[in-house]
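A.B. asks: Below: one structure in structure tokens.
The values are calculated or read from the model by the stated rules, or taken from the named source; none is laboratory data. Because the structure is predicted, anything quoted here is derived from the model rather than measured. Positions of Cβ are generated from backbone atoms using ideal geometry, with glycine treated the same way; all protein chains shown enter the neighbour counts. Remember, those area values only see protein heavy atoms, side chains included, never the ligands or the DNA or RNA. Shrake-Rupley method; radii C 1.70, N 1.55, O 1.52, S 1.80 Å.
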Amino acid sequence: MKFYSKVRYLGLAATVAMFGVGAFVALVPGKVEESLINRSLTGGTLSVTIAWMAWVLAVRPQITLSERSIKVRNWVTESVIPYGQINRVSVSNGLTFKLRDGSEIRGRVVGTSMIGQLVGYPSAKLIRREILPFMSNADPHGNERILQTFSLSLRVPLVVAALHTLLYGFSRYIFHV
């Protein structure tokens, strides 16, 4: 079972919109006749940077439940936590996993917000309800370890950069802009 952020579609829309903004910057010469390569580099850099940020902050966070563990994918990290290592799941300020060793791992899929505080973080409560049956069946004395890794996907910036390269190629060599 997978859980995504409620603002995921906003992040997807921002990613696509930023490609459009970069394409506009690349194709519209403006008042100063700047070369296509300069406009393309400016538009592509702007597009890649903001699209990647929108992707990392809004689309990437995810929680995946399996039979033995929970995978928490945040902005730049990925943690695999065996259910036996979770002491409790807190929903008072977003979604936080309190571990048996005293440390905490926050699930950025449900971030802190004023609206969340007002309505009581219903998304975090839903995720906690889904996790509790797994936690009750887990062995708290098991020797399974928590795996935390640095995980930052370059797929989005590479795809956006490739699309801008194609846009430049078509504009330059096919349409002679």
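A.B. asks: Report the charge-dipole magnitude of segment 119-172 in Debye, nearest 20, computed about the Cα centre from +1 at each Lys and Arg Cβ and -1 at each Asp and Glu Cβ.
C.D. replies: About 260 debye.
A.B. asks: Now, a different point. Note down the magnitude of the dipole of the chain about its Cα centre, charges +1 on Lys and Arg C-beta and -1 on Asp and Glu C-beta and zero elsewhere, to the nearest 20 debye.
C.D. replies: Using Cβ point charges on Lys, Arg, Asp and Glu, the chain gives about 320 debye.
A.B. asks: Give me the Kirkwood hydrodynamic radius of segment 92-160 in Å, from all C-alpha pairs, to one decimal place? Before the final figure, lay out each step's value.
C.D. replies: Values: mean 1/r = 0.0678 Å⁻¹.
Over segment 92-160, the inverse of the mean reciprocal pair distance is 14.7 Å.
A.B. asks: Can you tell me which aspartates and glutamates have their Cα less than 18 Å from the Cα of LYS98? Leave out same-chain residues fewer than eight positions away.
C.D. replies: In chain and number order, the partners are GLU78, GLU130, ASP139, GLU144.
A.B. asks: Can you find, among LEU41, VAL110, PHE19, the residue sitting farthest towards the positive end of the charge dipole of the chain, where Lys and Arg contribute +1 and Asp and Glu -1 at Cβ?
C.D. replies: VAL110
A.B. asks: Please tell me the relative contact order of segment 54-105 in percent, rounded to the nearest whole number, where contacts are Cα pairs under 8 Å and at least six residues apart.
C.D. replies: Numbers: 68 pairs, mean separation 10.5, N = 52.
The normalised contact order for segment 54-105 reaches 20 percent.
A.B. asks: Let me ask something else about it. Find which of ILE127, GLN148, ILE63 sits farthest along the positive direction of the dipole of the chain, computed with +1 on the beta-carbon of Lys and Arg, -1 on that of Asp and Glu, about the Cα centre.
C.D. replies: Looking along the dipole axis, the top candidate is ILE127.
A.B. asks: Please list, by residue number, every one of the chymotrypsin sites (Phe, Trp or Tyr not before Pro) in segment 1-103 that is coil in DSSP and has at most 14 other beta-carbon atoms within 10 Å.
C.D. replies: Passing both the DSSP loop test and the Cβ count: TRP75.
A.B. asks: Ignoring any ligand, DNA or RNA, what whole percent of the accessible area of the chain comes from carbon and sulfur when the probe is 1.4 angstrom? Write down the numbers at each step before the final one.
C.D. replies: Numbers: 6740 of 10720 Å².
Carbon-and-sulfur percentage of accessible area, whole number: 63.
A.B. asks: Right, here's the next one. Starting from the Kirkwood radius over alpha-carbon pairs of the chain, derive D by Stokes-Einstein at 20 °C in a medium of 1.002 mPa s and give it in µm² s⁻¹.
C.D. replies: Rounded, D is 116 µm²/s.
A.B. asks: Moving on. For LYS2, list the lysines whose Cα falls under 19 Å from its own Cα; do not include residues on the same chain fewer than 8 positions away.
C.D. replies: LYS71, LYS125
A.B. asks: What number, in percent, do you get for the relative contact order of segment 1-74 if the mean sequence gap of Cα pairs under 8 Å and at least 6 apart is divided by its residue count?
C.D. replies: Values: 99 pairs, mean separation 31.2, N = 74.
Over segment 1-74, the number comes to 42 percent.
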